């Protein structure tokens with residue numbers, strides 16, 4: 001488990017190792033929001049859907065200017081009806097929870113309404129669903145080499161295009177070696 005006090009936990013990046021041949025989590029980058037004795041949860045941040053934020057706003061009868069063409073992310077296989085927004089702390093609503101110094105989490109409806117009104121966070125990711133692990137489950141998967149708990153600033157990772165996040169994180173970690181390529185086979 002991460003050697004931090006639960007009350008001091010800030011989000012971390014969890015990256016799937018090339019040896020993880022899961023189908024769903026292959027080459028996943030997860031913004032790990034909670035990790036303690038009760039388990040872990042986070043959002044896959046590199047799996048874009050075919051639906052844009054503008055598409056969703058249109059379904060809700062809301063319009064934006066400027067258009068919000070970024071894709072909604074598939075955050076994980078758990079509660080796919082759950083909609084979330086991770087964003088820069090320049091937006092703060094009633095539902096906002098700060099996650100460290102650089103990120104916050106808010107109810108999607110609150111942020112979407114704000115976006116439609118023209119008050120758009122400098123950086124945001126909107127997604128559905130999440131990834132979750134029971135007590136000790138993620139610890140075991142990390143020990144087996146399926147995941148790497150990356151010591152890096154999540155805000156920087158969010159700045160990469162979604163489809164490039166896994167490769168960029170692997171480069172930063174120095175894990176894009178011939179050995180890592182060999183492990184993919």
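Using only the Cα atoms of segment 7-184, construct the convex hull and provide its projected area averaged over every direction, in square nanometres to one decimal.
Values: hull surface 41.1 nm².
That works out to 10.3 nm², a quarter of the Cα hull's surface.
If neighbour count is taken as other Cβ atoms inside 10 Å, put 59, 141 in order from fewest to most.
In increasing order of surrounding Cβ atoms, one gets 59, 141.
For 26, 139, what's the fewest-to-most ordering of other Cβ within 10 Å of each Cβ?
Values: 26 12, 139 17.
Ranking 26, 139 by Cβ neighbours within 10 Å, fewest first, gives 26, 139.
What is the chain's relative contact order, in percent, from Cα pairs under 8 angstrom and six or more apart in sequence?
Relative contact order comes out at 28 percent.
Antiparallel as a % of all DSSP beta bridges within the chain, to the nearest 5? Please report the intermediate quantities before stating the final value.
Numbers: 32 of 34 bridges.
About 95 percent, rounded to the nearest 5.
To make sure I understand, if each residue's beta carbon is the centre and we count other beta carbons within 10 Å, what order do 169, 29 fall in, fewest to most? Kindly include the intermediate steps, with their values, before the conclusion.
On the way: 169 24, 29 27.
Fewest-to-most ranking of 169, 29: 169, 29.
Along its three principal axes, how long is segment 106-145 when you only count alpha carbons? Whole Å, largest extent first please.
47, 17, 12
At residue 149 and residue 80, where each label point lies 7 Å from the Cα along Cα→Cβ, what is the point-to-point distance in nanometres?
Result for the modelled spin labels: 3.0 nm.
Between segment 129-171 and segment 52-111, what is the separation of their alpha carbon centroids in Å?
Cα centroid to Cα centroid, the span is 20 Å.
Over all distinct Cα pairs, what is the inverse of the mean 1/r for segment 85-185, reported as the Kirkwood hydrodynamic radius in Å?
16.0
Taking the Cβ-Cβ separation of residue 21 and residue 122 as r and a Förster radius of 41 Å, what is the calculated FRET efficiency to the nearest 0.05?
Details: r = 37 Å, r/R0 = 0.90.
After rounding to 0.05, the efficiency reads 0.65.
A short reminder: the numbers here are calculations on the coordinates, not readings from a lab. The model shown is predicted, which means the values in this text are computed figures rather than measured ones. We place every Cβ from the backbone using ideal geometry, glycine too, and count neighbours over all the protein chains shown.
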